[in-house]
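Report on the following structure.
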Amino acid sequence: MPNGNYTYITNVSRTGSISGDPQNAAIGNYVLLTAAYNEEANIEKTIHAVLSQTVLPQRWVIVSDGSTDQTDEIVQRYVASNPFIHFLRITRFPGRSFGSKVKALHAGLELLNGVPFTHLGNLDADVTVAPTYFADLLLQFQKQPRLGIAAGFVCEESGGEFTSRRSNRTYSVPHAAQLVRRDCYEAIGGYAVLEYGGEDWHAQTSARMMGWEAVAFPELPILHHRPTGEADNLLRYRFRQGRMDFSFGSDPLFELFKCLDRALEKPLVVGGLARFAGFLWAGICRDHRPVSKEFIAFLRQEQSHRLRWLITGPIRKKASAS
């Protein structure tokens, strides 16, 4: 059991899996971790989404990362009647922090000791997914033995409708509602604690370095009820993303093209400029890069391939059509 500033509440009379179903045994099972900080507006929607899953998790650990609103009380109402849900509270200084989120997930891992599972998942406390979401992901893992990390596409509300986020890519797996094959998770050493965030980017790049595949599936929507950056000043958030990109060793030319592409995201134009400014500022300040030289070389090789496709791909398509 964890030590320190923790409160641990659970009821362990049963598990959440549907172990009697042969099909479920064939596709494996999963556990979930959720770090929640002041999510009283959304956490109940997330809980209902998990309770509606056709394949429930073996265990779901929800970590309250120092919440000061009603998040804890909402979660605790569901613990008694849903014993596969475990609750852990961490006390820390208030405020949102990328690093504290991953530390909370690491604390939650301790409550998975002794639980058999083939896949480990992260689920943010402000998203909802369809009832077959995790079953569909498990089927994808079954079909693709080298698939290490998988998720759907993040969708955010605009004009009363949820639409796919413009930055979604099949090769970029969002952390919001993802599963990681256990062998892959252990091979990459789990989620890294990073000052500027990007644990999902770091995990999937590390996985691909080791021969695993990381795929986001457009047909599996993840409804995000609190748009990214909403809890922070959006320009400051974009600036910090630029510093994150530098910390991973992103290629400067690729970064320029990416920021130009992101200029159509909110806030229009200035958001992309703020991100590139953060990247340049990190270079001027010689920010520490918490990744290896091998990681940077691999990432830049991937970015070089994508940049070449971005430049030559449309030309080839046009030539073949003419």
Give the range 170-186 a look and list any residue that's farther than 15 Å from residue 138 by Cβ and small (Gly, Ala, Ser), or say none.
172, 176
Answer yes if at least one residue in the range 45-55 is more than 24 Å from residue 190 (Cβ to Cβ), modelled with pLDDT under 95 and not in a helix (DSSP H, G or I), and no otherwise.
no
Which residue pairs have Cβ atoms under 8 Å apart, sit 6 or more places apart or on different chains, and have a first residue in the range 279-301 that is surrounded by fewer than 17 Cβ atoms within 10 Å (Cβ to Cβ) and a second that is among the acidic types (Asp, Glu) and in a loop (DSSP other than H, G, I, E, B)?
290/195
Can you find a residue that is in contact (Cβ under 8 Å) with a residue 40 or more places away in the chain, acidic (Asp, Glu) and crowded, with 18+ Cβ neighbours inside 10 Å anywhere in the range 226-238?
no
Counted residues, the range 130-147 - those being open to solvent by 20 Å² or more (accessible area, probe 1.4 Å) and either assigned to a strand (DSSP E or B) or touching a residue at least 40 places away in the same chain (Cβ under 8 Å) (or both)
9
I need the full set of residues from the range 250-267 which are in a helix (DSSP H, G or I), open to solvent by 40 Å² or more (accessible area, probe 1.4 Å) and farther than 21 Å from residue 289 by Cα, in order please.
257, 260, 261, 262, 264
Sort out for me the strands (runs of 3 or more DSSP E) sitting completely within the range 148-248 that have 2 or more residues that are among the polar types (S, T, N, Q).
161-164
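Could you tell me whether residue 203 is at pLDDT 95 or above, buried (at least 20 other Cβ atoms within 10 Å of the Cβ), out of contact with any helix residue (DSSP H, G or I) (no Cβ under 7 Å at 6 or more places or on another chain) and within 28 Å of residue 236 (Cβ to Cβ)?
Values: at pLDDT 95 or above: yes; buried (at least 20 other Cβ atoms within 10 Å of the Cβ): yes; out of contact with any helix residue (DSSP H, G or I) (no Cβ under 7 Å at 6 or more places or on another chain): no; within 28 Å of residue 236 (Cβ to Cβ): yes.
Against the criterion (at pLDDT 95 or above, buried (at least 20 other Cβ atoms within 10 Å of the Cβ), out of contact with any helix residue (DSSP H, G or I) (no Cβ under 7 Å at 6 or more places or on another chain) and within 28 Å of residue 236 (Cβ to Cβ)), residue 203 does not qualify.
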Scanning the range 184-219 for residues that are charged (D, E, K, R) and under 13 Å from the mean Cα position of the chain (by Cα) gives 199, 200
In the range 26-47, what residues are among the small types (Gly, Ala, Ser) and either free of Cβ contacts under 8 Å to residues at least 60 places away in the same chain or open to solvent by 10 Å² or more (accessible area, probe 1.4 Å) (or both)?
26, 28, 35, 41
Pairs please, first residue from the range 48-71 and farther than 22 Å from residue 28 by Cβ and of a type in the set (Gly, Ala, Ser), second anywhere and in a strand (DSSP E or B) and open to solvent by 10 Å² or more (accessible area, probe 1.4 Å), Cβ atoms under 7 Å, 6+ apart in sequence or on different chains.
64/89; 64/90; 66/90
Give the residues of the range 45-90 that are out of contact with any Ser or Thr (no Cβ under 8 Å at 6 or more places or on another chain) and either under 16 Å from residue 177 (Cβ atoms) or among the small types (Gly, Ala, Ser) (or both), sorted by residue number.
47, 50, 51, 52, 67, 80, 81
Applying the selection to the range 230-247, what residues are among the small types (Gly, Ala, Ser) and either under 20 Å from residue 37 (Cα atoms) or at pLDDT below 95 (or both)?
231
With the first residue restricted to the range 155-166 and required to be closer than 12 Å to residue 223 by Cα, and the second required to be modelled with pLDDT of 90 or more and not in a strand (DSSP E or B), Cβ contacts under 6 Å at 6 or more apart or on different chains are 156/165
Could you list, in sequence order, all residues of the range 56-88 that are modelled with pLDDT of 95 or more and either of a type in the set (Asp, Glu) or assigned to a strand (DSSP E or B) (or both)?
60, 61, 62, 63, 72, 73, 85, 86, 87, 88
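The values are calculated or read from the model by the stated rules, or taken from the named source; none is laboratory data. Note that the structure is predicted; figures quoted are calculated from it, not measured. Note that each Cβ is placed from the backbone with ideal geometry, even for glycine, and that neighbours are counted across all protein chains shown. SASA here: full protein model, heavy atoms, side chains in, ligands and nucleic acids out. Shrake-Rupley method; radii C 1.70, N 1.55, O 1.52, S 1.80 Å.
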